[in-house]
Amino acid sequence: MKVEFYYSSKHASGVQFPCDNTKALELCKQLKDKGVNVKTQDCGEEAAAFMTYNAAVTGAPAAKRPVFGAKGALEEEFGKTVPALLIFEKEEDRYPNEVFPRSDRELSRLLGIEEVLQDLLNKA
């Protein structure tokens, strides 16, 4: 598994998709300490590559990435006002299996980045 977290130290996350970046970064560090391949990128310092946004929008099935794309967060918001967590099943995969935050149809609520990272940590 590979995990990538895109956030900004210069932009506050929006009200619609809140994220505590400090907590998320700490959870990423804990995951890394357990041997998970974790990449973090401060998009306030360096914007995420278009290929990364494109992979988030097109890679995972629509039910697993509805926050990003035509009806959701735009490329300019990716990793800035909308922090993003990409989860790849295999380290060599080009496209993520899941992208967060996202509205989960089964749970009928938003799955936030910190919650998902904590679940991954509990399973690691």
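All of the numbers you see were taken from the coordinates with simple rules; none came from a lab. The structure presented is a predicted model; accordingly, all values stated were derived computationally and were not measured. Positions of Cβ are generated from backbone atoms using ideal geometry, with glycine treated the same way; all protein chains shown enter the neighbour counts.
Brief remarks on what is shown
- Fraction of antiparallel bridges per DSSP, the chain only, in percent to nearest 5: 60
- When each of Lys23/Lys90; Lys80/Lys123; Lys29/Lys80; Lys90/Lys123; Lys39/Lys80; Lys34/Lys80 is checked by Cα-Cα distance, pairs over 22 Å: Lys23/Lys90; Lys80/Lys123; Lys34/Lys80
- Distance (nanometres) between label positions extended 7 Å along Cα→Cβ at Glu91 and Lys34: 1.8
- One equal scatterer on each Cα of region 1-46, no solvent, Debye formula: the resulting log10 I(q)/I(0) at q = 0.22, 0.23, 0.29 Å⁻¹ is -0.78, -0.83, -1.08.
- Only Lys, Arg, Asp and Glu carry charge here, each on its Cβ (+1 for the first two, -1 for the last two); on that basis the chain has a dipole of about 200 debye about its Cα centre.
- Per-selection Rg to Rh, the chain - Cα, Kirkwood hydrodynamic radius: 0.92
- Considering only Leu107, Leu121, Gly14, and ranking their Cα positions along the charge dipole of the chain that arises from unit charges at the beta-carbon of Lys, Arg, Asp and Glu, the one farthest toward the positive end is Leu107.
- Structure-based [θ]222 nm, the chain - -39500 (n - 2.57) summed over DSSP H runs of at least 4, per residue, nearest 500: -8000 deg cm²/dmol
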